[in-house]
Each structure stands twice: as C-alpha cells, then as structure tokens.
Amino acid sequence: MFESIRLYPVSAMKNLSGISIFALFWRACPLYMLAVFLFTANSYADTQEPAVVVITFPATSENVISRSSLRAIFGMRLGKWPVDTPVKVFVMKDDTPEHSDFSKNILQVFPHQLRLAWDRQVFSGQGQYPEQVASVQEMLSKIASTPGAIGYIKTNEITKNVRILQIR
Amino acid sequence: MCASFKFAKTAAGIFIQGIFLLWTTFAHAENLMGSELQLHGFLTQGVVITSDNNFLGQSNKKASPDFREIGVNGSLRPISDVQLSAGLLSHKAGGTDNGELRLDYGLIDWTVSSNEQGRSGIRLGRVKNAYGLYNKTRDVAFTRPSILLPQSIYFERTRNVTVASDGAELYLDRYSEAGSLFVTFALGQPQIGSEAAKVALVGLIPNGSFESKLMPIFQAIYEGDGGKYRLGFTTLQLDARYNPGVGDVLQAGQMKFTPKIFSAQYNAEHWSLTSEYALRPTSNKNFGPNAPDSTIHGQSYYVQGSYRLASKWEALLRYDVMYADSGDRDGKEFAAATHRPAFTRFSKDWTAGVRFDLTPEFMLRAEYHRVDGTGYLPVQDNPNPSALVQRWDMLMLLASFRF
C-alpha cells in the first residue's frame, strides 16, 4: 500500500510531464519550422549575391532570346545575331561567382561542362574560346564598346552603356 | 649521382621556363588583320608500369616513359562564318607510334547558314573523325575521362586508322527547348597506308600495305537539358584493299569494317555516368590460303562513373570489355585453330583512377588497371604471343600542361 502510494505521484508526474512535453513539441513544431524557414529565408535574402543577367552591346537588335540559342552562343557554336552581325562572347574566369551563377542558373549548364565543350571544339579545330575578361569593369567596357558583344553581370553593376537581354 | 641530379634540375628549370615563355607568348589570342588568331597547345607525359606484358613501351615490371603527347594548334576567323584551323601533333606510344610530328587536323570550317534554331556547314581538309564521344580530341588529356581511353572502343593499336580523314564533313545543329541535336556526315580518306595501320589490321608478318576507298562516317548526338543527357549513335564503313608485298603470305584481299557505336551519358553536378556499346563486324575475303574468308563480329562496351570529390579532385571507376569475336568470346575456337592463346581474343579491364587539377593549366592523374585478357595489347610491344600473361595489372601516371 505504502509502496503504491509512494509510486503513484511519481508515475503520475512522469505521465504528466511526458504528455506536456510531447504536446508542447507538437504544438511548437509548425511554429518552429516556420520560424526556421523565415529566419533562413531572411538570412538568404540578406546575404545572397545579386542575380546575374545577360548583357549585350547597346545597339544589338535582340531584346529576348531563347535559352537554347543562348546555350549555342555561349557554347561557341552559334556565331551570328539574326541581323547578321557576328557575336562576340565575353566570359569571366571559370571560378568566379558570376560565371558559376550564370552557367548554373541562366544557361543551366555546369561550368565544368561548358569548359569541356569549349576544349573539345578548340582542340579539334571546330571552334574558338570566348574572350575571358579579368574584371567586372573590363566586362562592362568590352560589352559597351564591341558591336555584337554578349556577356553577363550582376544586376547591381549594370550601367546605361549596356543592354539587358531577356531569356524567353 | 649528384651531377646527374644537378643536370636534371637545370633541365627541368629550363623546361619550365620554356613552357612559361611559350604560354605567355601564345596563350592569348592575337589580333591579326582584324580577325582573331588563337594559339593553344598541350604537353602530356605518361609513365606506364605493368606486372606482365608490355603496353605503351617496355613496361613489363619497369616504368616505361614512352607515352607522350605534344600538340600545338592555331585557329583564325577572318569572317564570322569561316574558321581556318590546324593542329600539329607528336604522339609517342611505345612501338605503335614513334612520335614523329604530324598534321593532326587542318581544315576550313564554313558555316553556310545559321539562325537561332540551328546551323549547318561544311569542314574541308583533314578532319578528326566523329567516332563515339571522345575520338575528336582523343589525344588531349584534359578532354579525356581517364589517362587511357576505354580500349574496347578507342583502341590505341588502331588509332592511326580511326583518328582523322582527308575529305569533307557536313554538319547540322538544331537548338530547341527539347534539346540540341548535332549531326555530322563525313566522307574522307582514312590514314591507312602506314606500316602501323597495316600491323594493326593484319599483324607483323605480312609485308604489304592497305589502301582504302572513301570512308563515310555518320554521327548523331542528342543533348538534353543543357548537356545533362547525351545520347549518340555513330557508324562508318571502312572498305580497304590490301596490296601484297614481295613474297607476301597474304594475297590481294579486301577488308570491310562497319562498326556501330551507341553512346549514352548522364552528367550531374558532381558525377557523370557514361556508357558506350559497339558492334564491330569485320569481313575479310580473297587474302588467300593463309587467311580464309571470314566475317567476325567484334563486340565492346564499357560503363564508367566519375565523381568530383572536390573542385580539383575527380575519381573514376570503369569496367571495359572487348571481345574480338562475339561468337567465340573466350577465344577457345581461335586457340584450337591457331595454337595461339585464347586470352588474346578478349580483354576485361577494371580501372580505378584519380585526377588532380593543380591549376586549370596543369593536371596530374593516376590510375590502376586490373585486366583479364590481352585483347587490346598492340603486337608491336608484344611480338611473342607465347610470352603473354592472361591476368595482368597496370599502373599509369600522367602529367599534362596546356596553354
């Protein structure tokens, strides 16, 4: 008897505390997840680099281009704009964040595959490498001054001397 | 010992300086009369050590350095539709190639029409053969998945026949949201007149040479999702005639080779899976009593996975199988008829390799091969068939620099 009395509050407390902890957990769970989501989304928004856009020589006739044509241009296969001007492709170094972002998110081709595609064309005599620029400033000045030029840049670095090309 | 070390150090120093001089002189594109001239090249040195047999030189239980690839190339675009290109190559590969300088390719590429949906054009001159996924740049280490291309399809011993042809290649590209399609059709004269080509096709003893009709090659490659999926089909027809030498054991026969290659590749961000399957029927006739008329169906395939461990590291695992005659896979019928080892009729090669890119211009590689059968070994390095060993291991090391 004594034993049972002594046991009772303990098990009751165990039970009680167990229920309350689970209940709390389940109630808090969606809230917690929401908080985590908001927090990470918020921190992404804070730390994420500005998106990269495709830019061209300001007098280029095109305003929009399909992704498949853009892939052919940056794959160094398609060398002419529809109005017959030669395309001049400018890229940044393979390991820059701009190049990686452009390849993965705009072309949707992995940077190492783009490099391999260029290598295969150059070393069989079927194509040439794009011109590599050393800085954002060089990218801007080349695109602004070379007829038929195409390249890419972060949205916060665009100037009036280049035109944004939309992807269809 | 000390003197030779000093010499080696000085030589290495001069060599490295020379390379950097070359690099800084040529690596950048030059403007030539308003059109862009690009000059590039590569230098690859390999070392091969085998437990038995010889491959790429005298490699049996010692290090063979007789595997070297040196190339330079230039391209010029006088107008946007036309490119002139030429590549010179020295390819040293044991007894099969002495490394003499050759014109690897030399062509004029004219894009006849192009628009947003595609392009078409023609390449005239010496054009690299579109054969499977890797043949066009088979001698450029940076574009290969491994030190040694899968030998079941990219035979080192018959490379002279398959590497390039003199003639024309028509090309047609289609770019659409559903994917890109690249089709080529070439008609050209293969490089089949050499001693190495003769040895590859009929062995060391006959002393004649081959000549070929114009060889048609057709290839179609479909790339889905920006190159994540690649599917390819290649076929060609080599129709060659044998001109016997003085007192030759063979008569003036004909050989017809009509391979078909099916290629598939999946590329994820950190890994790739590649497989190619080839049917290689060869028919011989009128070679006389020493080589009765025959048609044999060679068969090849490999499955290859590569994984990018980190930005500079890549690992590779491959299983590569070749049967000289799919009707006699274990070579027993061949052995009974010729008294030569059955295991010379197949090879099953497990390969594990690693690649390290020190810089974008400098690459190091190592790979290990465990091979059952000697089907892909060139006879020039292994003239005595009774000295061959069925199960053998191979370690390969490679350093490659490009500019």
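The values are calculated or read from the model by the stated rules, or taken from the named source; none is laboratory data. Worth saying up front: this structure is predicted, and the values here are computed from it rather than measured. Methodologically, a virtual Cβ is constructed for each residue, glycine included, from the backbone with ideal geometry; neighbour enumeration extends over all protein chains shown. Accessible surface areas use protein heavy atoms only, side chains included; no ligands, DNA or RNA. Shrake-Rupley method; radii C 1.70, N 1.55, O 1.52, S 1.80 Å.
Some observations on this one:
- For the stretch B:102-117, residues that are in a strand (DSSP E or B) and facing chain A (nearest Cβ under 8 Å) total 7.
- Residues in the stretch B:212-260 that are within 30 Å of A:Arg71 (Cα to Cα), touching an Asp or Glu at 6+ places or on another chain (Cβ under 9 Å) and of a type in the set (A, V, I, L, M, F, W, C): B:Ile217, B:Leu231.
- Filtered residue count, the stretch B:359-390, keeping only those that are under 22 Å from the mean Cα position of the chain (by Cα), open to solvent by 30 Å² or more (accessible area, probe 1.4 Å) and polar (S, T, N, Q): 1
- In the set (1) open to solvent by 10 Å² or more (accessible area, probe 1.4 Å); (2) assigned to a strand (DSSP E or B); (3) touching a residue at least 60 places away in the same chain (Cβ under 8 Å), B:Tyr222 fails one condition alone, (3).
- Set side by side, the residues B:Gly203, B:Gly179 differ, and just one is surrounded by fewer than 20 Cβ atoms within 10 Å (Cβ to Cβ), of a type outside the set (Phe, Trp, Tyr), on the phi > 0 side of the Ramachandran plot and within 14 Å of chain A (Cβ to nearest Cβ), which is B:Gly179.
- Condition check for B:Tyr134: under 10 Å from the mean Cα position of the chain (by Cα) and either more than 28 Å from B:Arg68 (Cα to Cα) or not small (Gly, Ala, Ser) (or both): yes
- Out of A:Lys88, A:Lys80, A:Lys93, sole residue that is of a type in the set (Lys, Arg), more than 8 Å from chain B (Cβ to nearest Cβ) and in contact with an Asp or Glu (Cβ under 8 Å, 6 or more places away or on another chain): A:Lys88
- Residues (at the interface with another protein chain (Cβ under 9 Å from one of its Cβ atoms) and not β-branched (Val, Ile, Thr)) located in the stretch A:104-120: A:Lys104, A:Leu107, A:Gln108, A:Phe110, A:His112, A:Gln113, A:Leu114, A:Arg115, A:Leu116, A:Ala117, A:Asp119, A:Arg120
- Considering the conditions (1) outside any strand (DSSP E or B); (2) surrounded by fewer than 19 Cβ atoms within 10 Å (Cβ to Cβ), B:Leu273 is excluded by exactly one of them, (1).
- Across the stretch B:62-80, not a single residue is classified as more than 9 Å from chain A (Cβ to nearest Cβ), in contact (Cβ under 8 Å) with a residue 60 or more places away in the chain and open to solvent by 20 Å² or more (accessible area, probe 1.4 Å).
- Of the residues making up the stretch A:82-128, those that are open to solvent by 50 Å² or more (accessible area, probe 1.4 Å), under 14 Å from the mean Cα position of the chain (by Cα) and touching a residue at least 24 places away in the same chain (Cβ under 8 Å) are A:Pro97, A:Asn105, A:Gln108.
- Condition met for B:Ala86 (surrounded by fewer than 21 Cβ atoms within 10 Å (Cβ to Cβ), farther than 27 Å from B:Tyr277 by Cα, within 21 Å of the chain's Cα centre (by Cα) and in contact (Cβ under 8 Å) with a residue 12 or more places away in the chain): yes
- Selection from the stretch B:276-322 of residues that are open to solvent by 40 Å² or more (accessible area, probe 1.4 Å) and of a type in the set (A, V, I, L, M): B:Leu279, B:Ile296, B:Val303, B:Leu309, B:Ala310, B:Leu317
- Annotation: of all residues in the stretch B:153-202 being among the charged types (D, E, K, R) and free of Cβ contacts under 8 Å to residues at least 40 places away in the same chain, the one that is nearest to B:His91 (Cα to Cα) is B:Glu195.
- Considering residues of the stretch B:121-146 that are outside any helix (DSSP H, G or I) and among the small types (Gly, Ala, Ser) only, the residue most open to solvent (accessible area, probe 1.4 Å): B:Gly125
- In a residue-by-residue description of the stretch A:154-165, the property of being within 13 Å of chain B (Cβ to nearest Cβ) and out of contact with any Asp or Glu (no Cβ under 6 Å at 6 or more places or on another chain) applies to at least one position.
- All of (1) open to solvent by 50 Å² or more (accessible area, probe 1.4 Å); (2) under 19 Å from the mean Cα position of the chain (by Cα) hold for B:Met215 with one exception: (1).
- Among residues of the stretch B:89-101, those that are without any contact (Cβ under 8 Å) to a residue 24 or more places away in the chain and either of a type in the set (Ser, Thr, Tyr) or within 14 Å of chain A (Cβ to nearest Cβ) (or both), counted: 1
- Of all positions in the stretch B:158-171, none carries a residue that is surrounded by fewer than 22 Cβ atoms within 10 Å (Cβ to Cβ), among the charged types (D, E, K, R) and at the interface with chain A (Cβ under 9 Å from one of its Cβ atoms).
- Residue match in the stretch B:245-266 (condition: within 14 Å of chain A (Cβ to nearest Cβ) and of a type in the set (Asp, Glu)): no
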